[in-house]
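A.B. asks: Below is a structure I'd like to ask you about.
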Amino acid sequence: MLVPILKQGDYLIASVQSELSDADLLKLRDDLVSRVGEFRSRGVIVDVTILDVMDSFATRTLRSMAHMIMLRGAKTVIV
């Protein structure tokens, strides 16, 4: 399932709507990193509150996403 990415000023907001497969997580990571560069965003908010449990792959992917976004000059908040 695709995760909608909203642009609010200098920030991007990605709100996970349902459980994501590993491929969906990788696509979300790639999409967010490319959009940070495209829009020169200052920050990214990733909302994962809908998820009851995250496996180790999901947490590693979120961590690598935050590092990649930091290298692009933006901050990441995962809620």
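Every number here is computed from the coordinates shown, using simple stated rules; none is lab data. For clarity, every value in this text was computed on a predicted model and none was experimentally measured. All Cβ positions, glycine included, derive from the backbone under ideal geometry; neighbour counts span all protein chains shown.
A.B. asks: Taking segment 1-19 only, how many residues are surrounded by fewer than 12 Cβ atoms within 10 Å (Cβ to Cβ) and touching a Lys or Arg at 6+ places or on another chain (Cβ under 9 Å)?
C.D. replies: Matching residues across segment 1-19 total 3.
A.B. asks: Something else about it: Residues being closer than 12 Å to residue 70 by Cα and either buried (at least 16 other Cβ atoms within 10 Å of the Cβ) or within 9 Å of the chain's Cα centre (by Cα) (or both): count how many of those fall in segment 20-45.
C.D. replies: Of the residues in segment 20-45, 6 are closer than 12 Å to residue 70 by Cα and either buried (at least 16 other Cβ atoms within 10 Å of the Cβ) or within 9 Å of the chain's Cα centre (by Cα) (or both).
A.B. asks: Looking only at segment 16-38, filter to residues that are in a helix (DSSP H, G or I) and acidic (Asp, Glu); which one of those is farthest from residue 3 (Cα to Cα)?
C.D. replies: 38
A.B. asks: Does residue 69 count as in contact with a strand residue (DSSP E or B) (Cβ under 6 Å, 6 or more places away or on another chain) and part of a helix (DSSP H, G or I)?
C.D. replies: Answer is yes for this residue.
A.B. asks: Regarding segment 39-53, can at least one residue be identified that is part of a helix (DSSP H, G or I) and without any contact (Cβ under 8 Å) to a residue 40 or more places away in the chain?
C.D. replies: The answer is yes; a qualifying residue exists.
A.B. asks: Tally time: how many residues in segment 46-57 are over 18 Å from residue 26 (Cα atoms) and surrounded by 15 or more Cβ atoms within 10 Å (Cβ to Cβ)?
C.D. replies: So the count comes out to 0.
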